[in-house]
Each structure stands twice: as C-alpha cells, then as structure tokens.
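The structure appears right after this line, and notes come after that.
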C-alpha cells in the first residue's frame, strides 16, 4: 500500500500546485477582502524638494557591467582605486545607497544583482558555473596584487554567497544538520579571506563578518560585538541599520519587543537627520521580512507618520528611487492611512512598479491600486 499511497500523494500535489500558485499573489495583496468599511484618512504630509541636499546621482545603468568588465580584463588598479573612492560617507547613489555596497555585489555576481536570501523563498541560489568563474577571476586578482584589500573582501563575500546557496533561504529552525555541515565548510573559506583584513578600512568587511556570524549561529554576543565596531568605525554606513534590524527579529536572534525598541532609538530627537534615515533603512528590512498584515502590529513598533517623516528626510537629503516610492505606497496600504502620501507615491512612479516590493507579483501591485482607489475617499 505504501507505493500506492506515495503515488496518490504525488497526484494530489500535482492537482493542488496550480491552485497554490494562483493563491500566492493573494498572500501579498491589499486588505481588500476585509469586510469592514475603511476610508483612508489624509494622513501626514510629504513635501517634495526640488533637488537633494547631498550631491548624489542615480546608479548608472551600466554600473554592474563596467565593474564586471574591469574584473574580467584584469584592470585591478582601476578596481582598487574605485573601491577606495567608495569607502567614504559621501560616496552614495540616490536614496543614500552606498556605492561600495553595489560595487561588491557587482564584483561577485556575473548576473544583474547580488545573491541574497529572500523573506519567503531562497533567491540566493548561486550556480556552480557562476561561482567558479568569479572565484577564478578574484583569485587571479590576489595573485597579481597579494595585498589587495578589495579582492580579499570580495572573495569572502563570494564564499558567503555560495554558503547561502547551499543553506537555502529558510530561517534557522528550518535548516537541517546536513545543510549546516555543508554550509559551514564553505563558510570556512569566507572567514579565511577576512583573517588579515583590517575591519576599520572598509565598511563591507564588518558587514560581511556579521553575515558570517549570523549564518554560523555564533550567537548574539558575537553579533553585538561586531555591531559595536560597525558603529565605532562607520556609523554613516546605512546598510548596517537594516542588517541589524534583520538579526534582532525573533526569527533570528531577537527577543519579543526588541525590534520595536530599536526603532525608537533610531527615531528620537537626539539621533537627528541621520537617525531618521537609519530608521527608513530599518523599516525597509522589516517590509521585506514581515507579512504586511503584521507590520503595523504593536509588537513590531512601526508607526506610519514616523515612516513618512523618515522618508521625507531621506528624500530631502538624497532623493528617492522608484523602489522607495513603491515602498511608501505599499506601507500606506498596510497602514490603511495616508491617502495624500499614497497619491504622491503613485504620481512619482507613474506605473513603474517594483517587483522587490510586491515579491514579483504584478497582480498584487494591481490589487493594491484597486484597493486604494476603492478606499481613498
């Protein structure tokens, strides 16, 4: 009977799979199926600035391609000089995105973006062919320039990405012992390339060390020690705040209410403008990791007026990208508030939706717009 039961199970799964696929967009859709009557209030205001206060530029379309071409051609001096120029607080793309962060993503991934774990499924898969290609290129760089800081960090990040690919994108409790053993073998290589790297010389050295400690389950003490070094050397490096938010979530190493308390520390009057930008980066991490119907629960500590104020500061400082305006609209729907801000966000994007925000489901984006139009007045 067991073979028959197995076959019947496969047939049942095959029948249910299309239904499951069809339901996926609805998991991220607007709360339009809620029977309660909702009318979105005007909410907080958002004033556009004619230009950012900081001299920033949009990420060039060929940024990834040009860096990958330099690596393939062995233009090591150019790459080292570029990295050095990016290790400064003002080396930012629009929305305050550090050029250094995008630079390293381009170095280790021959595709159009860097491999990172996603909230619901693993988008961190790193094919062996891609890994072997980039590994050979980076090792050639170190052979030619043994003292290069940039190539060592890049190789650590490459092996880290390859470790994520082995582990998968599930949370700690979802990863079995066999996967851990294979993952840790790869992580040894990532750690090796950071051994003689001075962490005070490059923000991404500490960022990578945090990722290694997290995936190795080294514990909070290790993570907190690295975070203190991050704030000591590079308090201006915005990705630290989204990264820290991720690992103090209960799904990783955090305690109940810890995220809410952290958000408060970022948005106090004492933290000023920088703290509000930090807050916007933390919020974006929560937006990625948390179902929208849970984002505005008291335990998370998110407050829509504070979110708008944070993005207002960030827009004034650095401008915003389509992805950020999409995020603002997405959060307005989740908060069921702020129709004026939602209107502005839609006007700024003019139909240019962000797959990152809606988990690749255009139908969810359409559903949100339909819900907004229904409940706007």
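No lab work stands behind these numbers, since they all come straight from the coordinates. It should be emphasised that the depicted structure is a prediction, and the values quoted were computed from it without experimental measurement. Neighbour counts are summed over all protein chains in view; Cβ atoms, including those assigned to glycine, are modelled from backbone coordinates with ideal geometry.
So if we plug the beta-carbon distance of residue 347 and residue 377 into 1/(1 + (r/R0)^6) with R0 = 22 Å, what FRET efficiency do we get, rounded to 0.05?
Details: r = 17 Å, r/R0 = 0.77.
Calculated transfer efficiency: 0.80.
To the nearest 0.05, how large is the calculated FRET efficiency for residue 232 and residue 363 if R₀ is 56 Å and r is the Cβ-Cβ distance?
On the way: r = 46 Å, r/R0 = 0.82.
Efficiency at R0 = 56 Å is approximately 0.75.
Can you give the FRET efficiency for residue 370 and residue 58, using 1/(1 + (r/R0)^6), R0 = 30 Å, r = Cβ-Cβ distance, to the nearest 0.05? Don't skip to the end; give the middle numbers.
Details: r = 30 Å, r/R0 = 1.00.
According to the calculation, E is roughly 0.50.
Spin-label point model (7 Å from Cα, Cβ direction): what's the residue 217 to residue 184 distance in nm?
The answer from the label model is 0.9 nm.
For residue 51 paired with residue 136, estimate the spin-label separation in nm (one decimal), with each label point 7 Å from Cα along the Cα-to-Cβ line.
Using points 7 Å along Cα→Cβ, the separation is 4.7 nm.
Just grab the label-to-label distance for residue 299 and residue 38, each label 7 Å out from Cα along the Cβ direction, in nm (one decimal).
Placing both labels 7 Å along Cα→Cβ, they lie 2.1 nm apart.
Please give the contour-minus-distance gain from residue 90 to residue 251: 0.36 nm per residue of separation, less the Cα-Cα distance, rounded to one decimal in nm. Walk me through the intermediate numbers first.
Details: separation 161, 0.36 × 161 = 57.96 nm, distance 3.35 nm.
Length gained between residue 90 and residue 251: 54.6 nm.
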